[in-house]
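The values are calculated or read from the model by the stated rules, or taken from the named source; none is laboratory data. Please read these numbers as outputs of a predicted model, since none were measured by experiment. Positions of Cβ are backbone-derived with ideal geometry, glycine not excepted, and every protein chain shown enters the neighbour counts. Ligands, DNA and RNA are excluded from the accessible area calculation, which covers all protein heavy atoms including side chains. Shrake-Rupley method; radii C 1.70, N 1.55, O 1.52, S 1.80 Å.
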Amino acid sequence: MYVIICFHRYLRILLDMRRDGALRRLADADAAGLYVYRKQDLSVVLGESGRTLDRTVDSLARAGLLERVAHGVYVFPLSRRIGAGTLDAITRCLRPGRITWESCESALSQWGVISQIPVGRTTYMTTGREGEFHTRFGVIDLTHSKLPPSRIIGNLAYRDDGRLPIATKRFAYDNLRSTGRNLGLVDMDELEDDDEW
């Protein structure tokens, strides 16, 4: 019995040491600007793969050191960077390799074309799959776009803070209209005003 108790204590100490090492790596990555991860990103940061990585990620999630926000997407909840760009970072991980931009109601609200500000929801267009993801940071509303990259890229405003680009005022309206969403809140006078970022 004593041997079993000692073995369990040894395993707990070993697990705590591994968790401390993982926490240091996550904190270092956070300092470098990375706090939202896909599973393959965690493989690089933690230096693990396969079942070992799965066990470590599960352990870190149980300990509150990683938060699963969607299938295969995790946030380091102790990050100092959590804020306005967190939903963008999650969205980027949800649709890697796809063109994704803030648009429709969210963009039009920022341009002052819709007077009501969407609360707790950000609308994006993407060349990837559509979907809706509920996170504690807000709801991500992804709508698929069939437009070719040549029609998208020139109609985006790029931000200096590394966030996803936002549709220009007219492009956001075109996105809203083409997806069949409600146009009733659009202030057409503001839409025609040429002042953009």
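Please report the accessible area of Val69 (heavy atoms, 1.4 Å probe, ligands and nucleic acids excluded) in Å², nearest 10.
Its accessible surface works out to 20 Å², give or take rounding.
Checking the a/c ratio against 1.5 first, then a/b against b/c, what shape does the Cα gyration tensor give for segment 63-110? Provide the component values of the computation, followed by the final result.
Numbers: a/c = 2.91, a/b = 1.62, b/c = 1.80.
Since a/c reaches 1.5 but b/c is at least a/b, the shape of segment 63-110 is classed as oblate.
What accessible area per residue comes out for segment 50-197, rounded to a whole number of Å², with a 1.4 Å probe?
Accessible area per residue, segment 50-197: 54 Å².
How much net charge surrounds Gly128 when only the other residues with a Cβ under 15 Å from the Cβ of Gly128 are counted, with Lys and Arg +1 and Asp and Glu -1? Show your work: numbers first, answer last.
On the way: positive: Arg38, Arg92, Arg95, Arg98, Arg129, Lys146; negative: Asp88, Glu102, Glu130, Glu132, Asp141.
Computed value for this residue: +1.
Sort all Cα-Cα distances of segment 66-189 into consecutive 10 angstrom bins from zero, then give the percent of pairs in each bin up to the one containing the longest distance.
13, 46, 32, 8, 0
At a 1.4 Å probe, what is the % contribution of carbon and sulfur to the accessible area of segment 63-197? Display every interim value, and only then the final one.
On the way: 3380 of 7120 Å².
So the carbon and sulfur contribution to the accessible surface is 47 percent.
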